[in-house]
1. Which numbered condition in (1) in a helix (DSSP H, G or I); (2) more than 16 Å from the chain's Cα centre (by Cα); (3) of a type in the set (Val, Ile, Thr); (4) surrounded by fewer than 21 Cβ atoms within 10 Å (Cβ to Cβ) is the only one that Thr140 fails?
2. Taking the condition of being in contact with a Cys (Cβ under 8 Å, 6 or more places away or on another chain) and either without any contact (Cβ under 8 Å) to a residue 40 or more places away in the chain or surrounded by fewer than 24 Cβ atoms within 10 Å (Cβ to Cβ) (or both), how many residues in segment 161-191 meet it?
3. When you scan segment 72-110, how many residues do you find that are touching a residue at least 24 places away in the same chain (Cβ under 8 Å) and among the polar types (S, T, N, Q)?
4. Out of Leu57, Leu42, report the one residue that is within 21 Å of the chain's Cα centre (by Cα) and part of a helix (DSSP H, G or I).
5. Just one of Pro62, Pro72 is of a type outside the set (Gly, Ala, Ser), touching an Asp or Glu at 6+ places or on another chain (Cβ under 9 Å) and assigned to a loop (DSSP other than H, G, I, E, B); which is it?
6. Does any residue of segment 182-195 turn out to be among the small types (Gly, Ala, Ser), over 15 Å from Val118 (Cβ atoms) and at pLDDT 95 or above?
7. Within segment 150-158, identify whether any single residue is farther than 24 Å from Val278 by Cα, in contact (Cβ under 8 Å) with a residue 12 or more places away in the chain and of a type in the set (A, V, I, L, M, F, W, C), and answer yes or no.
8. Return yes when Glu66 is at pLDDT 90 or above, touching a strand residue (DSSP E or B) at 6+ places or on another chain (Cβ under 9 Å) and over 26 Å from Ala193 (Cα atoms) and no when it is not.
Amino acid sequence: MKLEVPGYPEAEQIALGMQGAVFRLGGGKVAKVWFHAGTAELRRLADFYAGLAGAGLSIRTPEILEVHEGSPYRVTVEVELPGAPLYTLEPELGMGLECVLEVLGELASVRLRTQLAVLDESEPMRAPGQSWPEALAELTARRVERFRGKLGSAIDDLEGKVERLLAEVRSLPDNTTGLVHGDVTAGNIMVDADCRPLAVLDFGLMTMAGDPAYDAASAGTMYALWSPEIREIEAAFDAAVVSRFGYEPERLRLYRAIHLLLIANAHDADPYGRDNAVRLAAALLN
């Protein structure tokens with residue numbers, strides 16, 4: 001499927017992710033064609049970015065200049081951020097691991113106030129006064145119920161495993177003040193030639209107020225999602241994260257399992273028809 005930016009027929013597509021496709025417009029601007037988000041959600045995201053700009057981060061974050069109601073997708077015009085994606089400079093762990101850890105530390109310092117919708121849902125994940133563990137457990141239960149057919153055919157004893165995972169989530173402490181980006185990948189971190197982080201992109205897929213350890217757990221998986229050495233890569237991430245931030249290994253493993261359940265069918269409505277991540281969730285949970 002070919003996507004275009006209304007009014008910019010010659011715009012160059014430069015990126016493609018779960019949330020949408022990005023095009024370079026020139027003049028220091030890019031446009032993003034969103035696969036799922038509605039106008040109200042994108043205006044909330046613009047407000048969120050405006051607040052994030054004042055959070056004192058040393059790395060840059062997106063800035064939405066305009067929101068357009070394109071057909072059939074919404075389009076935002078944004079400031080083009082500097083740097084090259086981390087994966088183009090450091091595809092292996094090496095310096096890439098240190099770069100991701102630096103970004104995780106920066107994000108963990110932010111106190112999130114704006115509530116965003118996650119995945120393809122239309123309402124913010126957390127109801128007023130709802131705890132982080134309960135909101136995460138309810139989101140997981142909704143996703144599993146919605147995609148039970150696909151998940152159940154790939155994951156052994158899906159019911160029993162989900163029941164145990166949700167019980168563990170609900171027993172977590174209510175760490176509600178941190179920023180969870182939800183999609184810290186080597187494609188969403190822009191770096192300079194020395195692999196130093198300049199900007200972090202693509203908030204909004206699963207951005208929420210919660211436990212920053214969730215980002216650390218998911219980043220270990222998302223760094224090389226399709227690699228046959230994914231378990232070894234996750235173990236290296238976990239060792240570094242435990243050393244740097246003091247997160248418990250058991251909590252990282254729990255969040256990783258929950259994250260893969262949540263994103264397993266995130267591509268189902270993708271106009272490009274890309275494969276989903278059900279088999280990745282199954283590889284971990286089985």
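1. (2)
2. The first filter runs over segment 161-191 and keeps only residues in contact with a Cys (Cβ under 8 Å, 6 or more places away or on another chain), leaving 189, 191.
This time we only want the ones that are either without any contact (Cβ under 8 Å) to a residue 40 or more places away in the chain or surrounded by fewer than 24 Cβ atoms within 10 Å (Cβ to Cβ) (or both), so: none.
The total comes to 0.
3. 2
4. Leu42
5. None of the other options fit; the residue is Pro62.
6. no
7. Within segment 150-158 (the criterion being farther than 24 Å from Val278 by Cα, in contact (Cβ under 8 Å) with a residue 12 or more places away in the chain and of a type in the set (A, V, I, L, M, F, W, C)), the answer is no, since none of the residues qualifies.
8. yes
The values are calculated or read from the model by the stated rules, or taken from the named source; none is laboratory data. Just so you know, these numbers come straight off a predicted model, no measurement behind them. Positions of Cβ are backbone-derived with ideal geometry, glycine not excepted, and every protein chain shown enters the neighbour counts.
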